[in-house]
Amino acid sequence: MIDLRSDTVTRPSAAMLQAMVAAPLGDDVMGDDPTVIRLQEAVAARAGKEAGLFFPSGTQSNLGALMAHCGRGDEYLVGQLAHTYKYEGGGAAVLGSIQPQPIEHAEDGTLPLEKLAAALKPADDAHFARTRLLALENTFHGKLIPAAYVQAATDWARRHGLATHLDGARVFNASVASGLPLAQLCQPFDTVSICFSKGLGAPVGSVLAGSAELIARAHRWRKMLGGGLRQAGVLAAACLYALEHNVERLAEDHSNARLLAEGLRGIAGVRVLSQDTNMVFAEFEPARCEALTAALAAEGILMRAVYGGPTRLVTHLDVSADDVRRVVQAVARHLA
Ligand SMILES: *Cc1c(COP(=O)(O)O)cnc(C)c1O
């Protein structure tokens, strides 16, 4: 099976499962699971932050952070297509009583400063929610958000008294692709959420990193959201294994995505729209999408060619360069 639908589909390797079996455990709600503590400290150190907090999912980690920064009737500025806004069930509004103010992205995925400025609400005016936070995402749909932009946007936020959060679900991809250390990418933000269940290959888990004070607030919300887990070290062990073994190899996913984009570019009926880090976006001849998806699935290749829209193909540690060549050949054969 070659599954290009997402980098969340990776299965824990035998060595990762072994690390999970061997992990010393405690009770993380009581705060004494040694493996969870080790993971939180390791991620905080890599991210250049004071403290870390293990969450069962990136959705909950982002929500815990939003709720640590914002109270009822506060507002956060966020991309129209950002995960925290569009793909997390509206949790900020529903569970956090936080009003999202979505901002239209520029072509490169950034949120233009003039649009942020136009959305900022005047303080001390009861007509408006209180703008409290700017949330960015890196990578965004695979794209690296330029460091100069991040600096300018977070400087702007601080000048206006806003806190800053990074949805860094794939910030390790950004680090490996840019060559910049993780701490440097996280430095402009008060809090950063990092996923271990994407390209890093763990079955479950995200870590939120930030100041001890913000992490203490997020810890309270995590409990309320149902994210307090007991022998969580069995999961944290997988994340520690990923941190130690699966970060540098993300470069392979990026080169496999390049290989995939190059291969697809040579096929009539396919239009490659973009390739960034481990993601390829392509359009397939609309009339052939359904048949192509079915034909590929029949030979063990999972991707969902979207009728009339961009299809996302994602490389990860269970996709090899040979797999990519097989996919390109199969697509060419079925579209011939
Ligand atoms: C996957 C992802 C998350 C978190 O998703 P979960 O499935 O809840 O772990 C957050 N942000 C981005 C950009 C993501 O891709």
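Every number here is computed from the coordinates shown, using simple stated rules; none is lab data. Fair warning: this is a prediction, and the values are worked out from it, not measured in the lab. Ideal geometry is used to build each Cβ from the backbone, glycine not excepted, and the neighbour counts take in all protein chains shown.
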So how tilted is helix 147-159 from the main axis of the chain? Cα-based, degrees 0 to 90, rounded to 10. 20 degrees
On a 0 to 90° scale, report how tilted helix 233-245 is relative to the longest principal axis of the chain, with both axes built from alpha carbons and the result rounded to the nearest 10. 60 degrees
Thr131 long-range amide H proximity, modeled H, under 5 Å: Glu75, Lys121
Once you put a point 7 Å from the Cα of Arg288 and another 7 Å from the Cα of Ser255, both along the Cβ direction, what distance in nm separates them? 3.0 nm
If you average 1/r over all unlike Cα pairs in the stretch 249-335 and invert the result, what Kirkwood radius do you get in angstrom? 12.7 Å
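If you count, for each residue, the other Cβ atoms within 10 Å and average over each peptide, how do 272-278, 236-242, 125-131 line up from highest to lowest? List each step's numbers first, then the result.
Working: 272-278: 20.3, 236-242: 27.4, 125-131: 12.6.
Ranked from most to least packed, the peptides come out as 236-242, 272-278, 125-131.
Rank these for me by crowding, Ser178, Ser193, going from fewest to most other beta carbons within 10 Å.
On the way: Ser178 17, Ser193 33.
Taking fewest neighbouring Cβ atoms as first place, the list is Ser178, Ser193.
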Checking the cross-link filter: which aspartates and glutamates have an alpha carbon closer than 15 Å to that of Lys86, excluding same-chain neighbours under 8 positions apart? Glu104, Glu137, Asp167
In sequence order, calculated HN-Hα J values of the stretch 195-200 (Karplus, 6.51, -1.76, 1.60; Hz; x Gly/Pro): 8, 9, 9, 9, x, 6
Whole-Hz Karplus ³J(HN,Hα) for the stretch 168-179, in order, using 6.51 cos²θ - 1.76 cosθ + 1.60 and θ = phi - 60°, x for Gly and Pro? x, 3, 10, 5, 5, 4, 5, 5, 5, 6, 8, x
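Using only DSSP helix segments of four residues or longer, with each worth -39500 (n - 2.57), what per-residue ellipticity at 222 nm results for the chain after dividing by its residue count and rounding to 500?
Numbers: 14 runs with 145 residues, N = 336.
So the helix-based figure for the chain works out to -13000 deg cm²/dmol.
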Identify, among Gly269, Gly109, Trp156, the residue whose Cα sits farthest towards the positive end of the charge dipole of the chain, taking +1 on the Cβ of Lys and Arg and -1 on the Cβ of Asp and Glu, with the dipole about the Cα centre. Gly269
C-alpha long axis of helix 212-224 to longest principal axis of the chain, angle in °: 70 degrees
Residues with amide H under 5 Å of Leu302's amide H, sequence separation 5 or more or different chain, H placed in the peptide plane at 1.01 Å from N; which? Ile2, Asp3, Leu4
Express in % the proportion of alpha carbon pairs of the chain at distances exceeding 30 Å. 38 percent
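Cα-Cα pairs above 18 Å in the stretch 178-279: how many percent? Intermediate values should be presented prior to the final figure.
On the way: 3262 of 5151 pairs.
Of all Cα-Cα distances in the stretch 178-279, 63 percent exceed 18 Å.
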